[in-house]
Amino acid sequence: MDIVRDLNALRDSVAAFRAAGQRVALVPTMGALHAGHVALIEAAKRPGTRVVASIFVNPKQFGPNEDLSSYPRREMADVRMLTEAGCDLLWLPSVEAMYPDGFATTVRVSGVSDGFDGAARPGHFDGVATVVSKLFNQVGPDAAYFGEKDYQQLAVVRRFVTDLDFAIDIVGVPTQRDDDGLAMSSRNIYLDDEQRKQAVALPRALGVAARAIAKGEDVDSVLDDARTTLVGAGFAIDYVALADAETLAENPAADRPRRLLAAARMGATRLIDNIAIE
Ligand code: PAF
């Protein structure tokens, strides 16, 4: 795997892939990679496709009281993992190169960005949409792969790709889970042993609620039950909500694809998860 830290070198490498008749797939990440990221690389690896991963801890998507300075950074382990996963090229821009002096542009996606994590983390999705737009312009991929664990992020990316005419296929990859069902996340390392055991209540409560909603039970009482279960397990809840799977509008019609979304804090660690209503 080649590693590039300079935009011209990135463009030369991508041009060489294209000259060899290859398609290009991008897997954007913030590093601290785990099996969930490996699943993205594996999904992106297709015959005739070169996989480019990016690692950039994007300051614009962290709020003032969030974990930007403590966000795990493990470049050597990440390089090893990407190499083993069969990634072809790693793009490692610096903050100064991504946001040089005078940088003044924000990509803001209204509607789908506004609720849930957008409400709990003001400015977060503006930061995501801005950096992902830049990564798309820097790499120029044919396809880009995102985990469904960050479901609202995926919906935001799909929205601006359509709105801004990016000719890029956006592929959502199912959430990878530990054996007990907890969604893999770079932030799970913040949980102590006891919190880690309790955290499994989140996917379990969502699973129970999703099955009840699919059976036609009253949505409000199902969501209330899920909240009660989570509080009983030691979570402080940001939201547990049912949304339209595409627009993320609340109170979706039962004949629309629907998604159950939750964010809750276990101690200082904020966990998110979501599940489709089948
Ligand atoms: O999901 C992430 O790791 C980040 O939000 C992303 C998409 C790489 C943008 O910084």
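Does at least one position in segment 171-188 carry a residue that is among the β-branched types (Val, Ile, Thr), touching a Gly at 6+ places or on another chain (Cβ under 8 Å) and closer than 29 Å to Gly21 by Cα? Within segment 171-188, one or more residues are among the β-branched types (Val, Ile, Thr), touching a Gly at 6+ places or on another chain (Cβ under 8 Å) and closer than 29 Å to Gly21 by Cα. Scan segment 176-188 and tell me whether some residue there is away from the ligand (no atom under 13 Å from the Cβ), loosely packed, with under 15 Cβ neighbours inside 10 Å and without any contact (Cβ under 8 Å) to a residue 12 or more places away in the chain. Looking through segment 176-188, at least one residue is away from the ligand (no atom under 13 Å from the Cβ), loosely packed, with under 15 Cβ neighbours inside 10 Å and without any contact (Cβ under 8 Å) to a residue 12 or more places away in the chain. Scanning segment 102-150 for residues that are among the aromatic types (Phe, Trp, Tyr) and in contact with an Asp or Glu (Cβ under 9 Å, 6 or more places away or on another chain) turns up Phe116, Phe125. Note on segment 22-41: residues that are part of a helix (DSSP H, G or I), surrounded by 16 or more Cβ atoms within 10 Å (Cβ to Cβ) and more than 12 Å from the ligand (Cβ to nearest atom) total 3.
Mind checking which residues of segment 210-241 are crowded, with 21+ Cβ neighbours inside 10 Å, within 23 Å of the chain's Cα centre (by Cα) and under 19 Å from Arg265 (Cα atoms)? Of everything in segment 210-241, those that are crowded, with 21+ Cβ neighbours inside 10 Å, within 23 Å of the chain's Cα centre (by Cα) and under 19 Å from Arg265 (Cα atoms) turn out to be Leu230, Phe235, Val240.
Yes/no matrix, rows are residues, columns are (1) of a type in the set (Gly, Ala, Ser); (2) out of contact with any helix residue (DSSP H, G or I) (no Cβ under 6 Å at 6 or more places or on another chain); (3) in a helix (DSSP H, G or I):
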{"residue": "Gln195", "(1), (2), (3)": "no, yes, yes"}
{"residue": "Asp220", "(1), (2), (3)": "no, yes, yes"}
{"residue": "Ala243", "(1), (2), (3)": "yes, yes, no"}
{"residue": "Ile275", "(1), (2), (3)": "no, no, no"}
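Go through segment 87-128 residue by residue and tally those that are under 18 Å from Leu7 (Cβ atoms) and without any contact (Cβ under 8 Å) to a residue 12 or more places away in the chain.
Of the residues in segment 87-128, the ones under 18 Å from Leu7 (Cβ atoms) are 88-103, 105.
After this cut, where a residue has to be without any contact (Cβ under 8 Å) to a residue 12 or more places away in the chain as well, the list is 96, 100-103.
Final tally of qualifying residues: 5.
For segment 53-139, give me every one of the helices (runs of 4 or more DSSP H) that falls completely inside it and has 1 or more residues that are among the polar types (S, T, N, Q) and within 13 Å of the ligand (Cβ to nearest atom).
124-139
Scanning segment 145-174 for residues that are more than 13 Å from the ligand (Cβ to nearest atom), part of a loop (DSSP other than H, G, I, E, B) and out of contact with any Phe, Trp or Tyr (no Cβ under 7 Å at 6 or more places or on another chain) yields Leu164, Asp165, Ala167, Pro174.
All of the numbers you see were taken from the coordinates with simple rules; none came from a lab. This is a predicted model, so every value here is computed, not measured. Please note: Cβ atoms are built from the backbone with ideal geometry, for glycine as well, and neighbour counts cover all protein chains shown.
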